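**Q** Below: one structure in structure tokens.
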Amino acid sequence: MYTFDWLAKQAEMRPDKRALIDAATGRAYTYSEFHLRASRFAEFLRNEWRVAPGERVALLAHNSSNYFEILWGCAKAGVILVCLNWRLAVPELEETMRDSTPVALIYDPAFAAQAAALRDRLGIDRMMTLAPGAAEGECAYEAALAGASGRPVVMPPRGLDEVWHILYTGGTTGKSKGVLQTYGMVFYNALNMGLKIDLGSEDVTLNLLPCFHTGGLNMYANPTFHVGGTAIIQKAFDPSETLRLLSTQATAFFGVAAIYLFLSQHPDFEKTDLSRVRSWAAGGAPIPTSLLHTYRRKGIDVRFGFGMTETGPTVFLVDPGYPESKLGSVGKPCLHVDVRIVDAEGRDLPPGERGELLIKGPGVTPGYWQMPEYTARAIVDGWLHSGDVAMRDADGFYYIVDRVKDMYISGGENVYPAEVENVIYQLPQVAETAVIGVPDEKWGEVGRALVAVKAGQTLTEEQVLDHCRANLAKYKAPKSVVFVPALPRNPAGKVVKGDLRKAHGG
């Protein structure tokens with residue numbers, strides 16, 4: 001099986017329909033313009049840089065309309081794009097590039113110093129800046145596009161298992177893993193997610209997760225292009241700007257739990273009219289039920305879901321109108337995906353029992369770049385081992401309980417920090433919280449809560465502990481509390497518990 005060039009098709013069917021809006025610069029392009037700009041970049045790759053199909057080109061840049069032109073230009077040329085995490089230090093970026101061996105580097109002017117260091121360390125001779133002008137020996141993006149012929153370049157049908165781009169994960173906790181992203185993964189995510197939210201050509205989606213993350217590319221920008229809608233690309237999350245765009249332009253929105261939390265804490269949240277947004281969805285980490293109730297009081301049902309870089313990402317998204325009793329559920333599997341919940345021996349578990357979530361389907365990655373042994377451990381008989389603890393109830397609704405690695409054992413009992421965190425979030429003074437296991441001579445491990453308090457509020461350790469003891473089994477209640485200014489988060493908005501364990505796990 002194969003997929004076609006969506007941009008070429010949309011440019012033919014709706015050439016004057018607006019496809020891309022760059023929120024930071026005000027640039028806006030129709031499908032015809034988007035298609036032709038991506039074509040110009042593809043022509044540059046082939047004719048000027050002489051990049052061969054299957055070779056890699058790295059991109060170190062903030063979100064912008066340029067990012068998607070480059071992504072689709074690579075597709076037209078058969079080149080694999082390596083999406084670099086701009087939050088990493090130069091040595092970490094160097095490690096990623098030595099692993100992926102790109103033949104060229106494209107960079108934002110904001111990262112000129114990092115790009116120069118990488119050029120010198122790796123001996124890269126093909127460099128491009130997204131700035132208007134270029135240094136000697138380099139080229140500028142707009143000049144490169146202007147020098148192309150302007151003839152449309154139509155991507156030939158691509159096999160669903162062909163690699164389009166590589167996204168690196170796990171850079172904050174050991175060696176980064178390059179997750180292969182195929183054309184089939186992007187295509188089936190567009191189907192799975194698009195069907196779940198009834199995404200259509202009249203929709204305007206707001207896209208603000210970083211584009212080196214699967215959410216930035218696929219929740220919902222690429223699915224929006226698949227149906228011929230309009231994607232607003234926000235450079236980075238800014239609560240004020242995000243609220244403005246949601247209240248004036250967007251009709252569908254996806255964000256991680258942290259974004260919903262920070263929006264709800266913005267002083268303009270209560271007075272902002274968000275009624276034009278017809279679809280709200282969240283994923284990335286368990287979302288506290290207290291936060292879901294905050295949005296429900298404003299007439300907003302946030303539909304919680306689950307996905308991974310390795311799954312394209314959409315696996316679950318709860319259906320609209322879900323009952324109060326299912327608050328916190330990720331719903332049922334999407335149309336083109338299969339799941340299992342298994343014990344440590346790989347045996348399927350009945351409803352109500354907790355085990356590891358396994359995932360199978362055409363949206364699952366074929367593996368990790370140059371890591372065959374790791375791939376063989378992660379994907380067994382076609383089933384991806386997610387590393388997430390899940391449970392399904394008697395009605396077939398699934399719940400993501402926690403990460404396997406975040407669970408700790410206290411007195412022989414499994415404790416899932418997300419459950420404890422959900423209780424702590426019930427305290428109105430809490431801005432954010434995370435729970436980790438710490439060594440204990442008597443119980444092996446006990447819980448420690450890291451708590452950031454809202455500005456102008458006060459909270460004591462005893463208040464937190466008393467609340468937990470009143471609402472949790474004794475073995476689940478944390479034994480200590482550490483107050484912190486804020487929690488460390490990765491670009492996907494997830495709390496980096498490894499950093500918390502290093503700082504507060506003793």
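**Q** Taking region 330-350 on its own, how many of its residues are assigned to a loop (DSSP other than H, G, I, E, B) and farther than 30 Å from I166 by Cα?
**A** Selection size over region 330-350: 6.
**Q** Also, quick follow-up: Which one of the conditions (1) within 24 Å of the chain's Cα centre (by Cα); (2) surrounded by fewer than 17 Cβ atoms within 10 Å (Cβ to Cβ); (3) in a loop (DSSP other than H, G, I, E, B) does P156 fail to meet, given that it meets all the rest?
**A** (1)
**Q** Within region 329-338, does at least one residue satisfy the condition of being more than 30 Å from Y295 (Cα to Cα) and of a type outside the set (V, I, T)?
**A** yes
**Q** Also: Of a type in the set (V, I, T) and either free of Cβ contacts under 8 Å to residues at least 60 places away in the same chain or in contact with a Pro (Cβ under 8 Å, 6 or more places away or on another chain) (or both) - does that describe any residue in region 134-155?
**A** no
**Q** Within region 107-123, take every residue that is touching a residue at least 24 places away in the same chain (Cβ under 8 Å) and of a type in the set (A, V, I, L, M, F, W, C) and give me the one that is surrounded by the most Cβ atoms within 10 Å (Cβ to Cβ).
**A** Result: A115.
**Q** Also: Just to confirm my filter: which helices (runs of 4 or more DSSP H) fall fully inside region 185-283 and include at least 1 residues that are touching a Phe, Trp or Tyr at 6+ places or on another chain (Cβ under 8 Å) and surrounded by fewer than 20 Cβ atoms within 10 Å (Cβ to Cβ)?
**A** 239-248, 257-264
**Q** Where in region 399-485 are there strands (runs of 3 or more DSSP E), lying fully within it, with 2 or more residues that are in contact with a helix residue (DSSP H, G or I) (Cβ under 8 Å, 6 or more places away or on another chain) and surrounded by fewer than 17 Cβ atoms within 10 Å (Cβ to Cβ)?
**A** Where strands (runs of 3 or more DSSP E) fall fully within region 399-485 and carry at least 2 residues being in contact with a helix residue (DSSP H, G or I) (Cβ under 8 Å, 6 or more places away or on another chain) and surrounded by fewer than 17 Cβ atoms within 10 Å (Cβ to Cβ), they are 480-483.
**Q** Tell me which of these F262 doesn't satisfy, since it passes every other one: (1) of a type outside the set (A, V, I, L, M); (2) at pLDDT 95 or above; (3) farther than 27 Å from R98 by Cβ.
**A** (2)
**Q** If you don't mind, there's one more thing I want to ask. For residues in region 292-316 being touching a Phe, Trp or Tyr at 6+ places or on another chain (Cβ under 8 Å) and part of a strand (DSSP E or B), which is farthest from D268 (Cα to Cα)?
**A** V315
**Q** Evaluate the following for G174: is it within 28 Å of P53 (Cα to Cα), at pLDDT below 95 and surrounded by fewer than 21 Cβ atoms within 10 Å (Cβ to Cβ)?
**A** Criteria not met by G174.
**Q** Just checking, does region 1-18 include any residue being in contact with an Asp or Glu (Cβ under 8 Å, 6 or more places away or on another chain) and not basic (K, R)?
**A** Scanning region 1-18 turns up no residue that is in contact with an Asp or Glu (Cβ under 8 Å, 6 or more places away or on another chain) and not basic (K, R).
**Q** Just to verify a result, which residue in region 54-70, among those that are in contact with a helix residue (DSSP H, G or I) (Cβ under 7 Å, 6 or more places away or on another chain) and not in a strand (DSSP E or B), is surrounded by the fewest Cβ atoms within 10 Å (Cβ to Cβ)?
**A** Selected residue: H62.
**Q** Which residue is surrounded by the most Cβ atoms within 10 Å (Cβ to Cβ), if the candidates are limited to region 2-21 and must be in contact with a strand residue (DSSP E or B) (Cβ under 9 Å, 6 or more places away or on another chain) and farther than 22 Å from H165 by Cα?
**A** So, considering only residues that are in contact with a strand residue (DSSP E or B) (Cβ under 9 Å, 6 or more places away or on another chain) and farther than 22 Å from H165 by Cα, the one surrounded by the most Cβ atoms within 10 Å (Cβ to Cβ) is A11.
**Q** Out of (1) within 27 Å of A11 (Cβ to Cβ); (2) part of a strand (DSSP E or B), the odd one out for L180 is which?
**A** Status for L180: all satisfied but (1).
**Q** When region 459-498 is examined, which residues are found to be hydrophobic (A, V, I, L, M, F, W, C) and within 30 Å of G216 (Cα to Cα)?
**A** Those that are hydrophobic (A, V, I, L, M, F, W, C) and within 30 Å of G216 (Cα to Cα): V484, A486, L487, A492, V495, V496.
Yes or no, residue by residue, for (1) among the small types (G, A, S); (2) in contact with a Lys or Arg (Cβ under 6 Å, 6 or more places away or on another chain):
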| position | (1), (2) |
| --- | --- |
| A23 | yes, no |
| L36 | no, no |
| S39 | yes, no |
| E43 | no, no |
| R50 | no, no |
| L59 | no, no |
| N63 | no, yes |
| I70 | no, no |
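**Q** Sticking with this structure for a sec: Checking P362 against (1) touching a Lys or Arg at 6+ places or on another chain (Cβ under 6 Å); (2) in a loop (DSSP other than H, G, I, E, B), only one condition comes out false. Which one?
**A** (1)
**Q** Among R98, R40, R50, which is among the basic types (K, R), crowded, with 19+ Cβ neighbours inside 10 Å, assigned by TED's automatic domain parsing to the domain that holds W164 and farther than 17 Å from N222 by Cα?
**A** R40
**Q** Among the residues of region 71-114, how many are assigned to a loop (DSSP other than H, G, I, E, B) and among the small types (G, A, S)?
**A** Counting residues in region 71-114 that are assigned to a loop (DSSP other than H, G, I, E, B) and among the small types (G, A, S) gives 2.
The values are calculated or read from the model by the stated rules, or taken from the named source; none is laboratory data. Just so we're clear, the structure is a prediction, and the values are computed from it rather than from any experiment. Every residue, glycine as well, gets a Cβ built from its backbone with ideal geometry; the counts of neighbours run over all protein chains shown.
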